[in-house]
Every structure is written in structure tokens, then in C-alpha cells.
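Engineer: Sharing a structure here in C-alpha cells format.
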Protein chains: 2
Amino acid sequence: MNAPTIAEDFRRRLNAAAQATEAALDALLATAPLPGEIARPARLLEAMRYASLGGGKRLRPFLVVESARLFGVSGASPLRTACALEMIHCYSLVHDDLPAMDDDDLRRGRPTAHKAFDEATAILAGDGLLTFAFDVVADPATHKDAGVRAALVLALARAAGLGGMVGGQALDLAAESAGAPLSQDAILTLQAMKTGALLRFAVDAGAIIGGADAVQADALSRYGAALGAAFQIADDILDAEGDTAALGKRAGKDAERGKATLVGLLGLDAARTRRDALVEEAVAALRETGFGAATDVLAEAARFVAARRN
Amino acid sequence: MNAPTIAEDFRRRLNAAAQATEAALDALLATAPLPGEIARPARLLEAMRYASLGGGKRLRPFLVVESARLFGVSGASPLRTACALEMIHCYSLVHDDLPAMDDDDLRRGRPTAHKAFDEATAILAGDGLLTFAFDVVADPATHKDAGVRAALVLALARAAGLGGMVGGQALDLAAESAGAPLSQDAILTLQAMKTGALLRFAVDAGAIIGGADAVQADALSRYGAALGAAFQIADDILDAEGDTAALGKRAGKDAERGKATLVGLLGLDAARTRRDALVEEAVAALRETGFGAATDVLAEAARFVAARRN
């Protein structure tokens, strides 16, 4: 039997991380209350499970797990952090899909949470997932060193909040309603906040858990930023040329809404060129970590993100 | 000059905590991004400030500050924790007021956030405040011991989330739409989650910051639970007999909505009796802390909460 190619190894590890994350999320979102919780209301729990289980490539969890693995760390620390990050990602999808925001009916080929439940439950399920993410990270089960847990909480909050993902969504909505096109710099800032910050946190988390030195942490962070930017351009390209069935969400809506994307500003060809340059930038940053071939799977992740079809 | 009465001392300390919290929130919600934040979008920041500044008695911050003071601790640790707690409280008001939830136009005598801004901005401002709360607590500026910061994050998340405040709001909405009246036990659970958990966290936080022993922590926690229950009954009484101008929010809406309250179940007189018993329970728990007269101000807080007119 031949040794697996890097692409095969990547697929295998992506699937393994997805399965581990699914199982861990399922256990965290069980019926029984944790100590200090009074009760877990059934319908709210069901909506939180609906929003976070059974879907998605689990790219962010994969990045946490694989970046921690560079430092020889596996087990509960990266996995629980991966779950927390995925909860934040999933809550953001639930809130972004709401009628007052992007007003989407379809997500991952299923009705969005406010369609499957109701709007109030969707808002609360999002709030619940966001809150639970910090619970999971701060719990001693995540790491024996409270300094690591507190650092993870701080980095996650900063990536997810006003100066990161939530702020990026606010800028996105403002751009849609403003009518005037955004500059390239404004688009890059918006995307670095809206999608880049969480992807970057994924690898920053691996560095925090792994006890990276400053050079390694900086290189990984630049890898995460470049991967995040490539991811967003690929997303915009998919929306422009994709079909709804393959995406599992409605395609073509960016142009319809006059959404600020690099595809809209530069055209498809220039966007593809930029996306490919970002993949090279991500791979180059990985080389600076000094981990050599151990980073091959993360390099493949950057190529995968750029080339994905859904 | 005579020594101030306990009631005067309480008023003075409540005002002092409110002013300190207002100033600290104002500084935290400044224009300049923190390290790791990419940018602070102006309109979102404005909405977060609107939702958290300039209003409220700041009872929760007071409870954090005063419970920490029992242990001789003042300064940044209790004040920043108080700000985080108040951010969570304020985000919950913003989301609860949304059209899909309680659909309220008036809060603290001002338009609710989704009326003053728009629904999408209100949702995001709530998300931003919730997220920032954990940022503030996890930041090394809050406490030099990461174990204390991680413990605060965990306790806050557990009080605010699925098994606490968010879950309580979900139960409340379910009770309204079910039509059938809740049992007394169900109402007590709902209220312990929806409003009790955060009030209890306030004093638990003081115990965590102060390094309380198990007996002190348990006594303070029971004080917080009793105070929270008294607070909620007082709230229900105010809604039943209050007027909109004094409340700064619409009165009489509980009965209108068939909302599950002890006033509705037991009547006003029995509710008042229960409220007063809870105040006694709170005061008795304080005695068990062994702090003697140092707890007088917290005892007065329990009486104040029960007797408040808005």
C-alpha cells in the first residue's frame, strides 16, 4: 500500500476532527444540567443542538486541533476549544440568518433556525451558544493551567466581538444599506473582522494551548489571517458562480444585495489571483514556524479552502 | 453631625457604585480598539453605549463591589467584574425588548435599542455586549490570578446561559405561548433562572474575588438567591400596581400577556408576604458569613430591593 498523499491525509484529518467535534458538542449539549445550571429548557436546548450539530465542514475545529498538534498536544484542550469556537461560529450563523439581518431561509441545506423553530428561540439559541462557548473554555476540564484558559477566553472574545466578528457583521450591514461601494481597504477590514478573526483565532488557540514561542505564534497567526482572507474570497467567488443546491444556501445573493466583495470590486479573475497569492502567503508563513513537514496538512488546508466547491 | 443611618449609607454606596460603573463602562466602550481588535465600528459601538450607559440603578454592580468589600477587596477586580455583569444584564434587556421577544418600545424611559437604532443593530449590540463581558473578565487587568479570572468567567457564563438567564427567558416565552398556567415550582425555577442567576452571580463574584471560604461562599450565595427571588416578586408587584411613568417601562403587561408570576398565582397579599420572608432569609444568610455589621449595607440592599418603587 502506498503512503497517503498530503491531500488524503488532510481529508482524513478533517473528517476525524469533524467527528470528534460532533461527538464532543453532542456531549456538551446533553440534557443534564452542569453544576451551577438550574435547568436546561428542552426547546432551547433542541434549538442549540439544531444550530450546532450535524452540519458544516468543521474547518475551525480542524484548525484548532491541527495547530495544537504541531506542539504535540491533543485531547481535551484542543477539542473543547474547538467546540467553543464552533459554538461561536454557529451562533453567528443563526443570528446572521434572522429576518432583521440577512433574512435567509436555508442553511447547510436545511431550514435556518428561526424557520425550524421561531425567531425568539433562534435569538436565544444564539445567545445560549455564544455564552456556552466561554463556559466550555473557562472550565478546568479544558486545561489544567488557568492562565491558558483565561488567555483562550480573552482571545476568543476579542476575535468574536465588537472589534472582530460582530463588528464585521455590523460593517457588512452598513455597507449594504449605504448603497455606495466600499473601498478595497474597507472590504479587507470588513472581511478580516467578519470571517478572518475566528479563523485566525483557531490557529492562535493552537499556539496558546501548545505554549508557542513568539516567533511560532506570530507565524501561525499570519497563516491564519492569510487563510481567512483566502477563505472569504473563495466564498465570494462561490456565491458569484455557485448554484444553490451545491452550496446548501442561496447563491447569487451578494450581487443582488450589492454586497461589498472583492469579486464585485475587482472581478472574478483578479479575485482568483489574489486568492491564490494568499494561499502562497499562508504556506510561506507555515514554513517560518520551523515545524517542517508537520505543517503539510495545514498547508493543504489553505489550498483546500481556496479551491472548495461549497 | 450624626452618623449616617444604614439606609443613608446604602444609598450613598449604591450611588458610588453606579458612578464608578458608569465611568468604567464609558472607558471600556471607548473609540480606540484594544490590542487584537481590528476596528470598533462607530454605529455598533454607539448602540452598545446606548444600551449600557446612562441608566439603571446598577444594583448588580453594587452587589459585586459590596460583597468583595466584605473581604477587604476593592479596585479594578470588583469594578471590572461589575462592568462585565452589567454588560450581560444590559444585553439581555436589548434582546428581550426585540419585536420577536417582548416587543417593547420603552426602557428606562427611553426608546429601546431597536427603536433608537434598528433591529439588526440591536441584535448585534447585544451580541457585542455579551461577548465583551467575557473579554473584560478574562483580561489580566481584572485580577493578577488567572485562576480567579477563569472562575469568574465560568460562573458568569453558567449564570447567564442555557441553564440560567437565557434559559429562563426561553421558559418565560414558552409559558406565555402555552396558555396553561405554570405551577408555583415552575414559576420559581423560571424566575431563579431569568433574574435570580445574575443577581446571585453578583455576590458569588465577590466571594470568588475575595477568596471566600466554603461557609462564607455558601452563605453569600444563599443571600443572593433570596435577594433575587425577592427582587422578582417586587418586580411583579410593581408591574401589577405600578404606573408606566414611574417605572420607565410599560406597566400592566404581565397580566395582559398572561405572564407566569407569583402575583398572578397567589395574589398581591400573599406575594408581599413571601417577598418579606425572602428578605428575612437574605438577612439571615448574611449573618452566617461571620462579617457582622459589615454586612449591614447588603442587608439594606435586600430591604431596598423588596420595597423599591421602580
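The values are calculated or read from the model by the stated rules, or taken from the named source; none is laboratory data. Predicted model only: the values in this text are computed from it and were never measured. Neighbour counts run over all protein chains shown; Cβ positions are idealised from the backbone, glycine included.
Engineer: Give A:98, A:63, A:106, A:85 a once-over and let me know the one that is surrounded by fewer than 24 Cβ atoms within 10 Å (Cβ to Cβ) and at pLDDT 95 or above.
Structural biologist: Testing whether each residue is surrounded by fewer than 24 Cβ atoms within 10 Å (Cβ to Cβ) and at pLDDT 95 or above leaves just A:98.
Engineer: Can I ask one more? Return the residues of region A:134-162 that are of a type in the set (Asp, Glu) and over 30 Å from residue A:191 (Cα atoms); say none if nothing qualifies.
Structural biologist: A:139, A:145
Engineer: A further question on this structure: Quick one: which helices (runs of 4 or more DSSP H) lie wholly within region B:91-207 and hold at least 3 residues that are at the interface with another protein chain (Cβ under 7 Å from one of its Cβ atoms)?
Structural biologist: B:119-138, B:146-160, B:165-178
Engineer: Also, quick follow-up: If we keep just the residues of region B:284-309 that are in contact (Cβ under 8 Å) with a residue 12 or more places away in the chain, more than 15 Å from residue B:62 (Cα to Cα) and of a type outside the set (D, E, K, R), which is surrounded by the most Cβ atoms within 10 Å (Cβ to Cβ)?
Structural biologist: Result: B:286.
Engineer: I've got another one for you. Among the residues of region A:35-58, how many are of a type in the set (A, V, I, L, M) and out of contact with any helix residue (DSSP H, G or I) (no Cβ under 7 Å at 6 or more places or on another chain)?
Structural biologist: The number of residues fulfilling the criteria is 2.
Engineer: Considering region B:260-310 alone, what residues qualify as being over 27 Å from residue B:185 (Cα atoms), in a loop (DSSP other than H, G, I, E, B) and in contact with a Leu (Cβ under 8 Å, 6 or more places away or on another chain)?
Structural biologist: B:289, B:291
Engineer: Let me ask something else about it. State the number of residues belonging to region A:67-79 that are surrounded by fewer than 24 Cβ atoms within 10 Å (Cβ to Cβ) and part of a helix (DSSP H, G or I).
Structural biologist: So the count comes out to 3.
Engineer: Taking residue A:81, is it away from every other protein chain (no Cβ under 13 Å), β-branched (Val, Ile, Thr) and farther than 20 Å from residue A:227 by Cα?
Structural biologist: no
Engineer: Need the failing condition index for residue A:31 against (1) under 25 Å from residue B:193 (Cα atoms); (2) exposed (fewer than 15 other Cβ atoms within 10 Å of the Cβ); (3) without any contact (Cβ under 8 Å) to a residue 12 or more places away in the chain, just the number.
Structural biologist: Here residue A:31 meets the rest and fails (3).
Engineer: Limited to region A:215-271, what total is found for residues that are within 20 Å of residue A:56 (Cα to Cα), modelled with pLDDT of 75 or more and of a type in the set (Gly, Ala, Ser)?
Structural biologist: Going through region A:215-271 one residue at a time, the tally reaches 5.
Engineer: Right, next: Somewhere in region A:41-54, is a residue modelled with pLDDT under 95 and either within 13 Å of chain B (Cβ to nearest Cβ) or more than 23 Å from residue B:171 (Cα to Cα) (or both)?
Structural biologist: yes
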